[in-house]
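A short write-up of the structure that comes next.
The values are calculated or read from the model by the stated rules, or taken from the named source; none is laboratory data. Owing to the predicted nature of the structure, the values given are computational and were not obtained by experimental measurement. Note that each Cβ is placed from the backbone with ideal geometry, even for glycine, and that neighbours are counted across all protein chains shown. All accessible areas refer to the heavy atoms of the entire protein, side chains included, with ligands and DNA or RNA removed. Shrake-Rupley method; radii C 1.70, N 1.55, O 1.52, S 1.80 Å.
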Amino acid sequence: MLWVMLMLAACGTGFEAEKAEEIKINSLPQESTELHIKSDTGEGNPEDSGIQDSPEFEAEGQKPSKSQEENKEAEESQMQGAVSGKTAAGGKQIEDQTFQVTLTPLGKVTFASYEPDLSQNPLADVDFVIRQDKTVLQKLPGVTADNCRSSEQFNQVEAVSFLDYNDDGFDDIITICSYHMVSGPDAGTRRSEIRYYSGSEKGRFSYEEQMSADATEALDVITIQSAKDFIGVGRKAAAEDWRQAYVEYLRTDSDVEGQEGYVLIYLDNDDIPELVEIGVSEADGCRIVNFSKGKVHKTQLNRLYFSYIERGNLLCNSEGLMDCYYDRVYSLIDGEMTLIASGDYGAEDNSRVQFDEEGNPIYQYVWNGVKMSKEEYERALNSVYDLSRARDGYAWNGWYSVDEMIQVLEN
């Protein structure tokens with residue numbers, strides 16, 4: 001561990017390119033390109049294998065050609081001059097994590113990864129550089145100001161992805177790097193780290209420190225896909241998917257003759273509503289149709305009445321008949337309507353209902369299998385399902401016909 005203690009106080013290997021001429025931005029629209037590069041250790045996103053052979057990769061994210069390799073020495077020589085005798089980032093270029101890619105608004109550029117120069121500091125970090133032809137456009141910000149780690153050593157770049165993750169029209173970058181812990185309670189272990197770089201209309205990339213830290217800490221398995229999922233990449237496409245899925249369901253699966261009408265409600269706190277089928281009779285009941293994981297899921301309720309807490313992810317099916325009543329509380333869990341609590345109350349013998357002094361029927365109350373008084377039952381229900389926030393599942397005659405609902409969804 002002595003070599004760690006003798007490290008220099010600062011890296012001193014970061015480069016500061018001389019002020020380049022103003023970058024002329026390609027005014028033609030560019031298609032956003034997404035690359036997933038799987039590490040040679042076999043770790044990273046398992047869905048990324050084979051992407052390098054795809055036509056999109058060949059067209060948009062190919063490795064430098066042989067002719068470009070022949071110009072490599074001349075190019076690096078020029079770059080060395082721009083950074084006072086050092087390479088673009090102090091260490092050797094990582095060839096299998098260097099790519100030619102088309103980014104909006106920059107156009108065709110080279111994304112280059114550079115190993116840290118460990119001879120200067122054993123805890124120096126990786127560098128990422130954006131080049132266009134022989135001009136360094138930007139060295140991406142590091143995790144720390146001096147681009148040195150405090151208790152871990154760089155291992156490798158595991159994956160890189162180019163995409164517009166915030167849907168602002170400008171391409172962004174996600175990287176995943178791994179590190180060996182060299183001190184502290186986790187010494188000897190290895191961990192992976194996500195970095196999000198958001199692009200701008202000027203073609204500059206900013207490191208999103210908090211979002212990167214939050215994702216790295218929250219995710220048990222770190223891959224490009226999990227990094228995208230963490231920030232909700234693809235939600236816009238999912239919004240279109242649920243519309244199409246509901247329309248297809250109404251046209252092919254819904255028992256139209258058995259439904260009085262249809263409404264949309266927002267049960268959980270996302271942008272995808274749930275579709276409610278209102279049966280023509282108490283026997284038909286209501287059905288909740290929700291969209292999750294690319295498909296629709298159906299949950300049959302008892303009889304017709306239910307209430308829900310809008311965007312609170314709670315629904316209560318409260319119904320009954322002939323002195324036998326119930327409250328069934330549901331929540332969307334992992335895309336499925338799940339029963340989380342239930343209660344029953346009614347006459348012990350509904351053929352011989354007894355009444356109290358005020359003429360009210362005497363009922364037995366059971367909540368989650370436990371017998372209790374009426375007051376205890378109401379408190380137990382309200383502790384799970386706040387009745388003061390509940391709203392009726394639909395208004396009488398306030399529903400759409402199947403054709404009207406399809407029109408709402410399509411428009």
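So the values come out like this:
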item	result
Strands (runs of 3 or more DSSP E) wholly inside segment 221-332 containing at least 2 residues that are at pLDDT 95 or above and either out of contact with any Gly (no Cβ under 7 Å at 6 or more places or on another chain) or over 30 Å from residue 370 (Cβ atoms) (or both)	259-265, 274-279, 286-292, 295-300, 314-321
First in segment 355-379 and under 15 Å from residue 325 (Cα atoms), second anywhere and assigned to a strand (DSSP E or B) and modelled with pLDDT under 90, Cβ under 6 Å, 6 or more apart	361/355
Any chance residue 189 is over 19 Å from residue 113 (Cα atoms) and either out of contact with any Phe, Trp or Tyr (no Cβ under 6 Å at 6 or more places or on another chain) or crowded, with 22+ Cβ neighbours inside 10 Å (or both)	yes
Meets criteria (of a type in the set (Gly, Ala, Ser), in a strand (DSSP E or B) and crowded, with 19+ Cβ neighbours inside 10 Å) for residue 212	no
Output for segment 366-386, where each listed residue is assigned to a helix (DSSP H, G or I) and open to solvent by less than 90 Å² (accessible area, probe 1.4 Å)	376, 377, 380, 381, 382, 384
Residues within segment 150-160 that are within 20 Å of residue 211 (Cβ to Cβ) and surrounded by fewer than 23 Cβ atoms within 10 Å (Cβ to Cβ), tallied	1
Listing of strands (runs of 3 or more DSSP E) fully contained in segment 96-184 that carry 2 or more residues being closer than 22 Å to residue 226 by Cα and of a type in the set (A, V, I, L, M, F, W, C)	152-163, 172-181
Residues being of a type outside the set (Gly, Ala, Ser) and more than 27 Å from residue 213 (Cβ to Cβ) - total across segment 110-148	7
Residue list for segment 333-344, filter: open to solvent by 40 Å² or more (accessible area, probe 1.4 Å) and modelled with pLDDT under 95	333, 334, 336
